[in-house]
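Nothing in this text is a laboratory measurement; each read-out follows from the coordinates by a stated rule. Just so you know, these numbers come straight off a predicted model, no measurement behind them. For neighbour counting, all protein chains shown are included, and Cβ atoms are generated from backbone atoms with ideal geometry for every residue, glycine included.
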Ligand SMILES: [Zn+2]
């Protein structure tokens, strides 16, 4: 006898924007040079004598960044990073940008974040690679303290990025290893995928593996399955930055409830629980997806891939973790259970030690969602019910 029992959701309404903001969130893929406050760019440009900004009014400058990223022109998109990097060449500038990053994420309800940047892009003012890393770490610690004073708790770890088109990946990998346990939690490579396969940087990845260190690779955003395959099977990436093109290895028969067939690579990604750092709005801007509703995250979530939700570049995409979830709630009808599932997925996939990840899940994330879910019963501010250790939202 196979009688299907309809599942009863204990909190039937879709989460409101206010609940989404208060819900604990975990962010694994966010670029430091893609998340500056427009007003800070204007201030820092004035301080360092940078005169090439397209606008000097913070409101108009913010709009310019979003329009340039939306334009579909790669040159204009890259120009946005030329401006943000130009004002991140001094110790003071880096400390301020990193501190505000931590504060902004905390105010948005992010409780744990791994924020990445390429130290090699911040040397024009005479800083050494080590000074860049120390300035950013100092900024994150400032930001964590200021967030705490404002009543928000966040922990931020840094990922050091090497640029795919450059030849410094070994040096940056060694830097990531040297600052491990000192604010840096892992390594990444970023930049144009086409023409710059991750295997160009094999030495750096093999070095990190010998050092038992962690790394993620931007792969499968624009370039497709070969890039994902190389990142996993040649380079040994722990996570995939984006990874949306894994959808190319999944066949869905037409019609409602059509049969799904996974190719070998997609099966491997799902079987090995490889975390996918998905960034919906960014993918829409680069053309990797046509709309939120058509974004592969919907299918991948229903197939139980280890999917996570991320921002990529908050300034260029005019987004935040809350905005990303608002879009997904609207497109797919996701509930607080779904949000918790994505958040626990992300925390499980973080690069900090296992016991700390577990503590974040059990002591911060589950109680936070339990409180939100209880509100419809008792009204806002109601007591937190006991947390079920094996609730549906935490099962894979
Ligand atoms: Zn990215």
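If you plug the beta carbon distance of residue 206 and residue 302 into 1/(1 + (r/R0)^6) with R0 = 45 Å, you get a FRET efficiency near 0.80.
Each residue in 46, 301, 264 was given a count of other beta-carbon atoms within 10 angstrom of its own, and listing them fewest first yields 264, 46, 301. For the stretch 139-183, the alpha carbon positions stretch 43, 21, 12 Å along the principal axes, listed from largest to smallest. The length gained by stretching the chain between residue 70 and residue 377 to full extension, at 0.36 nm per residue less their Cα-Cα distance, is 106.3 nm. Considering the stretch 9-82 at the alpha-carbon level, its Rg and Dmax are found to be 17.2, 57 Å.
Just want to confirm a number: the relative contact order over the stretch 164-220, from Cα pairs under 8 angstrom separated by 6+ residues, in percent. Across the stretch 164-220, relative contact order equals 46 percent. Taking label positions 7 Å along the Cα-Cβ direction at both residue 150 and residue 362, the computed distance is 3.1 nm, reported to one decimal. Put a dot 7 Å past the Cα of residue 55, heading toward its Cβ, do the same for residue 260, and the two dots end up 4.1 nm apart. Legend: ranking of residues 189, 250, 20 from fewest to most surrounding C-beta atoms inside 10 Å; resulting order 250, 20, 189. Across all Cα atoms of the stretch 44-124, the radius of gyration (one decimal) and Dmax (whole number) stand at 13.8, 36 Å.
Gain in length, residue 168 to residue 234, computed as 0.36 nm per residue apart minus the alpha-carbon separation, to one decimal in nm?
Working: separation 66, 0.36 × 66 = 23.76 nm, distance 1.90 nm.
So the chain would gain 21.9 nm between residue 168 and residue 234.
Just the Cα atoms of the stretch 81-129, one point each, no solvent: what log10 I(q)/I(0) does Debye give at q = 0.25, 0.28 Å⁻¹? Here log10 of I(q) over I(0) equals -0.96, -1.08.
For the stretch 39-82, the Kirkwood hydrodynamic radius from C-alpha pairs, put into Stokes-Einstein at 37 °C and a viscosity of 0.692 mPa s, yields a diffusion coefficient of 304 µm² per second.
Let me know the whole percent of all Cα-Cα pairs from the stretch 67-220 that are separated by more than 21 Å. If you can, show how the numbers build up before the last one.
Values: 5791 of 11781 pairs.
Above the 21 Å cut-off, the stretch 67-220 has 49 percent of its Cα pairs.
The distance linking the stretch 322-382 with the stretch 203-241 is 28 Å (Cα centroid to Cα centroid, whole angstrom).
In the stretch 140-251, the inverse of the mean reciprocal separation of distinct Cα atoms equals 14.9 Å; this is its Kirkwood hydrodynamic radius.
Which order results if 366, 25 are arranged by neighbouring Cβ count within 10 Å, fewest first?
Numbers: 366 22, 25 29.
In order of increasing Cβ crowding within 10 Å: 366, 25.
The C-alpha atoms of the chain define a longest principal axis, and helix 366-378 lies at about 50 degrees to it. When Rg and the Kirkwood Rh are both derived from Cα coordinates, the Rg/Rh ratio for the stretch 286-368 amounts to 0.98.
Quick one: pull the percentage of alpha-carbon pairs in the chain with a separation above 30 Å. Tail of the P(r) past 30 Å holds 39 percent of the pairs. Between the C-alpha center of the stretch 258-316 and that of the stretch 114-175 there is a gap of 27 Å.
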